[in-house]
1. Just checking, does the range 57-67 include any residue being open to solvent by 40 Å² or more (accessible area, probe 1.4 Å) and modelled with pLDDT of 95 or more?
2. Which of the residues belonging to the range 24-49 are more than 13 Å from the chain's Cα centre (by Cα) and open to solvent by 90 Å² or more (accessible area, probe 1.4 Å)?
3. Can you tell me which of Ala95, Ala71 is crowded, with 17+ Cβ neighbours inside 10 Å, in contact with a helix residue (DSSP H, G or I) (Cβ under 8 Å, 6 or more places away or on another chain) and touching a residue at least 12 places away in the same chain (Cβ under 8 Å)?
4. Considering the range 50-66 alone, what residues qualify as being assigned to a helix (DSSP H, G or I) and more than 11 Å from the chain's Cα centre (by Cα)?
5. Could you list, in sequence order, the residues of the range 70-91 that are within 12 Å of the chain's Cα centre (by Cα) and not β-branched (Val, Ile, Thr)?
6. Residues that are open to solvent by less than 50 Å² (accessible area, probe 1.4 Å), among the charged types (D, E, K, R), part of a loop (DSSP other than H, G, I, E, B) and in contact with a strand residue (DSSP E or B) (Cβ under 6 Å, 6 or more places away or on another chain): does the range 11-23 have at least one?
7. Which residues, taken from the range 81-113, are within 20 Å of Glu15 (Cβ to Cβ) and in a loop (DSSP other than H, G, I, E, B)?
Amino acid sequence: MKSILLADNKKNIREFCKQELEDEGYRVILARDGQEAIKLFQKKRPDLVILDLRMPRLGGLDAIGPIRAIASDVPIILFTANDEDCLTDGRSRHAVACVEKSEDLTELKRAIV
């Protein structure tokens with residue numbers, strides 16, 4: 001079973017995504033921000049990481065570097081309310097996809113490799 005680490009500061013989004021992705025057969029690990037995501041990544045070594053761009057303490061773009069330093073080959077998906085940030089920030093090139101948040105997770109599920 002593939003494992004996914006999902007970091008988002010909004011509890012309702014974390015829980016909604018977790019349920020949807022578990023229904024697809026994934027094991028989902030939740031983090032509240034980028035710092036927690038990095039710590040959990042070190043311990044759990046998930047197969048894929050989904051990071052919200054804007055979170056308190058440490059956002060997704062700031063967490064990409066430390067995660068890449070631990071495992072350069074893990075796919076990272078940026079999950080954002082405004083995908084314009086993905087287009088303007090060069091750090092987003094380290095992600096395999098940038099997905100705009102929606103109540104329909106079809107695009108996110110499609111981006112999971």
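The values are calculated or read from the model by the stated rules, or taken from the named source; none is laboratory data. All figures in this text were calculated on a predicted structure; none of them were measured in a lab. Neighbour counts are summed over all protein chains in view; Cβ atoms, including those assigned to glycine, are modelled from backbone coordinates with ideal geometry. What goes into the accessible areas is simple: the full protein's heavy atoms, side chains included, and nothing from ligands, DNA or RNA. Shrake-Rupley method; radii C 1.70, N 1.55, O 1.52, S 1.80 Å.
1. Here is the first cut: in the range 57-67, the ones open to solvent by 40 Å² or more (accessible area, probe 1.4 Å) are 57, 62, 65-66.
Subset that is modelled with pLDDT of 95 or more: 66.
Checked the range 57-67: at least one residue is open to solvent by 40 Å² or more (accessible area, probe 1.4 Å) and modelled with pLDDT of 95 or more.
2. Answer for the range 24-49, where residues must be more than 13 Å from the chain's Cα centre (by Cα) and open to solvent by 90 Å² or more (accessible area, probe 1.4 Å): Glu24, Arg27, Lys39, Gln42, Lys43, Lys44, Arg45.
3. Details: Ala71 fails: crowded, with 17+ Cβ neighbours inside 10 Å.
Every option except Ala95 fails the conditions.
4. Asp62, Gly65, Pro66
5. Pro75, Leu78, Phe79
6. Start the filter on the range 11-23 by keeping residues that are open to solvent by less than 50 Å² (accessible area, probe 1.4 Å), which leaves 13-14, 17, 21.
Cutting the leftovers down to among the charged types (D, E, K, R) gives us 14.
Pick out the ones that are also part of a loop (DSSP other than H, G, I, E, B) and you get none.
Checking the range 11-23: not a single residue is open to solvent by less than 50 Å² (accessible area, probe 1.4 Å), among the charged types (D, E, K, R), part of a loop (DSSP other than H, G, I, E, B) and in contact with a strand residue (DSSP E or B) (Cβ under 6 Å, 6 or more places away or on another chain).
7. Within the range 81-113, Ala81, Lys101, Ser102, Glu103, Asp104, Leu105, Ile112 qualify.
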